[in-house]
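Student: Below you will find the structure I want to go over with you.
The values are calculated or read from the model by the stated rules, or taken from the named source; none is laboratory data. Note that the structure is a prediction, hence the values are computed from the model and not measured. A quick note on method: Cβ atoms are made from the backbone with ideal geometry, for glycine too, and the neighbour counts reach across all protein chains shown. Ligands, DNA and RNA are excluded from the accessible area calculation, which covers all protein heavy atoms including side chains. Shrake-Rupley method; radii C 1.70, N 1.55, O 1.52, S 1.80 Å.
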Amino acid sequence: RIERDSFAKIVSTVPGAICSFQLAKDDASRFPFASPRLEDMFGIPAQVLERDASPLFERIHPDDVDEVRNAVIESARTMSQYNRAYRYRHPTRGEIWIEVHSIPSEEPDGSILWYGFASDVTDRIRAEKTLRDNERLLRLVTANARVGLVVIGKGYRHLFANEAYCEILHLEPGDVVGRPVPELLPH
(Lines give C-alpha, C1' and ligand atoms only; values in the text may rest on other atoms or scores of the structure.)
Protein backbone atom coordinates (compact mmCIF):
# COMPACT_ATOMS: atom_id res chain seq x y z
CA ARG A 1 0.00 0.00 0.00
CA ILE A 2 2.80 2.46 0.88
CA GLU A 3 4.65 1.72 -2.39
CA ARG A 4 1.45 2.23 -4.43
CA ASP A 5 0.76 5.55 -2.68
CA SER A 6 4.35 6.69 -3.27
CA PHE A 7 4.15 5.71 -6.92
CA ALA A 8 0.83 7.57 -7.32
CA LYS A 9 2.38 10.71 -5.81
CA ILE A 10 5.38 10.51 -8.13
CA VAL A 11 3.17 9.95 -11.17
CA SER A 12 0.99 12.93 -10.25
CA THR A 13 4.01 15.28 -10.37
CA VAL A 14 5.11 14.30 -13.87
CA PRO A 15 4.19 16.94 -16.50
CA GLY A 16 2.96 14.29 -18.90
CA ALA A 17 1.43 10.84 -18.85
CA ILE A 18 3.17 7.64 -17.85
CA CYS A 19 1.55 4.75 -19.64
CA SER A 20 1.81 1.35 -21.22
CA PHE A 21 0.53 0.65 -24.72
CA GLN A 22 -0.22 -2.89 -25.88
CA LEU A 23 -0.44 -4.17 -29.44
CA ALA A 24 -1.98 -7.64 -29.65
CA LYS A 25 -1.14 -10.20 -32.33
CA ASP A 26 -4.50 -9.42 -33.99
CA ASP A 27 -3.48 -5.72 -34.18
CA ALA A 28 -5.95 -4.68 -31.46
CA SER A 29 -4.41 -2.03 -29.22
CA ARG A 30 -5.08 -0.65 -25.76
CA PHE A 31 -3.53 1.21 -22.82
CA PRO A 32 -3.41 -1.30 -19.92
CA PHE A 33 -1.98 1.38 -17.63
CA ALA A 34 -2.16 5.14 -17.84
CA SER A 35 -1.59 7.86 -15.31
CA PRO A 36 -4.52 10.28 -14.90
CA ARG A 37 -2.96 12.89 -17.19
CA LEU A 38 -3.42 10.66 -20.23
CA GLU A 39 -7.17 11.30 -20.15
CA ASP A 40 -6.64 15.08 -20.02
CA MET A 41 -4.01 14.97 -22.72
CA PHE A 42 -6.10 13.02 -25.23
CA GLY A 43 -9.62 13.98 -24.12
CA ILE A 44 -10.70 10.32 -24.03
CA PRO A 45 -11.76 8.55 -20.81
CA ALA A 46 -9.06 6.24 -19.45
CA GLN A 47 -11.60 3.39 -19.15
CA VAL A 48 -12.15 3.55 -22.92
CA LEU A 49 -8.41 3.50 -23.69
CA GLU A 50 -7.85 0.59 -21.28
CA ARG A 51 -10.06 -1.53 -23.56
CA ASP A 52 -9.39 0.00 -26.99
CA ALA A 53 -6.87 2.57 -28.25
CA SER A 54 -8.55 3.04 -31.63
CA PRO A 55 -10.44 6.22 -30.56
CA LEU A 56 -7.05 7.82 -29.93
CA PHE A 57 -5.73 6.81 -33.36
CA GLU A 58 -8.88 8.25 -34.96
CA ARG A 59 -7.93 11.68 -33.58
CA ILE A 60 -4.32 11.68 -34.77
CA HIS A 61 -3.97 14.25 -37.54
CA PRO A 62 -4.74 12.58 -40.91
CA ASP A 63 -1.34 13.63 -42.29
CA ASP A 64 0.45 11.95 -39.35
CA VAL A 65 -1.59 8.82 -38.61
CA ASP A 66 0.11 6.52 -41.16
CA GLU A 67 3.56 7.59 -39.98
CA VAL A 68 2.58 6.92 -36.35
CA ARG A 69 1.14 3.48 -37.18
CA ASN A 70 4.17 2.56 -39.30
CA ALA A 71 6.53 3.65 -36.52
CA VAL A 72 4.64 1.47 -34.01
CA ILE A 73 4.87 -1.50 -36.39
CA GLU A 74 8.59 -0.89 -36.97
CA SER A 75 9.26 -0.55 -33.24
CA ALA A 76 7.45 -3.87 -32.67
CA ARG A 77 9.30 -5.57 -35.53
CA THR A 78 12.76 -4.44 -34.42
CA MET A 79 12.02 -4.17 -30.68
CA SER A 80 13.49 -0.67 -30.79
CA GLN A 81 12.53 2.44 -28.90
CA TYR A 82 9.51 4.37 -30.12
CA ASN A 83 10.14 8.13 -30.15
CA ARG A 84 7.75 10.29 -32.12
CA ALA A 85 6.00 13.66 -32.10
CA TYR A 86 2.73 14.02 -33.96
CA ARG A 87 -0.29 16.27 -34.28
CA TYR A 88 -3.43 15.31 -32.43
CA ARG A 89 -6.94 16.72 -32.79
CA HIS A 90 -8.06 17.26 -29.20
CA PRO A 91 -11.86 17.45 -28.80
CA THR A 92 -11.80 20.76 -26.86
CA ARG A 93 -8.32 22.24 -27.39
CA GLY A 94 -8.01 21.80 -31.14
CA GLU A 95 -4.75 20.72 -32.74
CA ILE A 96 -1.98 19.93 -30.28
CA TRP A 97 1.39 18.18 -30.54
CA ILE A 98 2.06 14.98 -28.58
CA GLU A 99 5.52 13.50 -28.09
CA VAL A 100 5.92 9.87 -27.03
CA HIS A 101 9.00 8.01 -25.79
CA SER A 102 8.63 4.30 -25.01
CA ILE A 103 10.43 0.98 -24.91
CA PRO A 104 8.84 -2.25 -26.22
CA SER A 105 8.76 -5.60 -24.49
CA GLU A 106 7.47 -8.90 -25.88
CA GLU A 107 4.80 -10.46 -23.67
CA PRO A 108 4.22 -14.23 -23.17
CA ASP A 109 1.00 -14.05 -25.23
CA GLY A 110 2.96 -12.67 -28.21
CA SER A 111 1.72 -9.11 -27.83
CA ILE A 112 4.08 -6.16 -27.60
CA LEU A 113 3.85 -3.89 -24.58
CA TRP A 114 5.51 -0.47 -24.62
CA TYR A 115 6.35 1.30 -21.36
CA GLY A 116 6.68 5.00 -21.77
CA PHE A 117 5.87 8.62 -21.40
CA ALA A 118 3.68 10.96 -23.43
CA SER A 119 3.70 14.74 -23.18
CA ASP A 120 1.99 17.72 -24.76
CA VAL A 121 4.76 19.61 -26.56
CA THR A 122 2.51 22.10 -28.36
CA ASP A 123 4.14 25.16 -26.77
CA ARG A 124 7.64 23.93 -27.67
CA ILE A 125 6.68 23.12 -31.27
CA ARG A 126 5.03 26.52 -31.71
CA ALA A 127 8.03 28.32 -30.18
CA GLU A 128 10.41 26.42 -32.51
CA LYS A 129 8.28 27.39 -35.51
CA THR A 130 8.23 31.04 -34.42
CA LEU A 131 12.00 30.96 -33.99
CA ARG A 132 12.49 29.44 -37.48
CA ASP A 133 10.14 32.02 -39.00
CA ASN A 134 11.96 34.87 -37.23
CA GLU A 135 15.36 33.56 -38.31
CA ARG A 136 14.13 33.30 -41.91
CA LEU A 137 12.82 36.88 -41.76
CA LEU A 138 16.06 38.16 -40.22
CA ARG A 139 18.11 36.45 -42.95
CA LEU A 140 15.88 37.99 -45.61
CA VAL A 141 16.10 41.49 -44.09
CA THR A 142 19.87 41.39 -43.56
CA ALA A 143 20.53 39.92 -46.99
CA ASN A 144 18.57 42.70 -48.68
CA ALA A 145 19.68 45.60 -46.49
CA ARG A 146 21.57 48.33 -48.34
CA VAL A 147 23.65 49.13 -45.28
CA GLY A 148 26.42 47.13 -43.72
CA LEU A 149 25.20 44.99 -40.85
CA VAL A 150 27.54 43.09 -38.58
CA VAL A 151 27.40 41.16 -35.31
CA ILE A 152 30.56 41.18 -33.21
CA GLY A 153 31.13 38.60 -30.48
CA LYS A 154 33.70 37.80 -27.84
CA GLY A 155 37.23 38.81 -28.71
CA TYR A 156 35.78 41.32 -31.20
CA ARG A 157 35.32 38.52 -33.73
CA HIS A 158 32.79 38.80 -36.54
CA LEU A 159 29.87 36.44 -35.89
CA PHE A 160 27.82 37.69 -38.83
CA ALA A 161 28.28 40.09 -41.70
CA ASN A 162 25.78 40.83 -44.45
CA GLU A 163 26.74 41.28 -48.08
CA ALA A 164 26.71 45.09 -47.91
CA TYR A 165 29.23 45.04 -45.03
CA CYS A 166 31.49 42.66 -46.94
CA GLU A 167 31.32 44.89 -50.03
CA ILE A 168 32.46 47.87 -47.95
CA LEU A 169 35.53 45.86 -46.94
CA HIS A 170 35.93 44.39 -50.45
CA LEU A 171 35.80 40.88 -48.97
CA GLU A 172 33.66 37.74 -49.26
CA PRO A 173 31.51 36.69 -46.25
CA GLY A 174 33.74 33.66 -45.75
CA ASP A 175 36.70 36.01 -45.34
CA VAL A 176 34.95 38.05 -42.63
CA VAL A 177 33.04 35.73 -40.27
CA GLY A 178 35.25 34.43 -37.49
CA ARG A 179 37.97 37.03 -37.91
CA PRO A 180 38.75 39.76 -35.37
CA VAL A 181 37.60 43.28 -36.30
CA PRO A 182 41.10 44.85 -36.05
CA GLU A 183 42.42 42.45 -38.73
CA LEU A 184 39.94 43.80 -41.26
CA LEU A 185 40.15 47.50 -40.56
CA PRO A 186 42.26 49.59 -42.94
CA HIS A 187 45.66 50.51 -41.45
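Student: Using a 1.4 angstrom probe on heavy atoms only, work out the carbon and sulfur share of the accessible area of the chain in %. Display every interim value, and only then the final one.
Tutor: Details: 6770 of 12220 Å².
Here it works out to 55 percent.
Student: Also: Using only Cα atoms, find the angle between the long axis of helix 65-78 and the longest principal axis of the chain, and express it within 0 to 90 degrees, rounded to the nearest 10.
Tutor: Taking Cα atoms only, the helix is inclined about 70 degrees.
Student: Where does the charge balance sit around Ala17 when Lys and Arg score +1, Asp and Glu -1, over other residues with C-beta under 14 Å from its C-beta?
Tutor: -4
Student: Whose amide H sits under 5 Å from the amide H of Val121, counting only residues 5 or more places off or on another chain, with H placed in the peptide plane?
Tutor: Amide H neighbours of Val121, under 5 Å, 5+ apart: Trp97, Ile98, Glu99.
Student: Okay, moving on. Relative to the longest principal axis of the C-alpha atoms of the chain, give the angle of the C-alpha long axis of helix 2-13, reported between 0 and 90° and rounded to the nearest 10°.
Tutor: So the inclination is approximately 40 degrees.
Student: Here is a further query. Give the lysines whose C-alpha is closer than 30 Å to that of Lys154, dropping any in the same chain fewer than 8 places away, or say none.
Tutor: Lys129
Student: What aspartates and glutamates does Lys25 reach when the alpha-carbon gap must be under 13 Å and sequence neighbours fewer than 8 apart in one chain are set aside?
Tutor: Excluding near neighbours in sequence, the set is Glu106, Glu107, Asp109.
Student: Next question. What accessible area per residue, rounded to a whole number of Å², is obtained for the chain using a probe radius of 1.4 Å?
Tutor: Working: 12220 Å² over 187 residues.
Accessible area per residue, the chain: 65 Å².
Student: Order Tyr88, Tyr156, most accessible first, counting only protein heavy atoms with a 1.4 angstrom probe.
Tutor: Solvent-accessible surface, decreasing: Tyr156, Tyr88.
Student: Let me ask something else. Of Ile98, Trp114, Met41, which is farthest towards the positive pole of the stretch 1-120's charge dipole, taken about the Cα centre with +1 and -1 on the beta-carbons of Lys, Arg and Asp, Glu respectively?
Tutor: Met41
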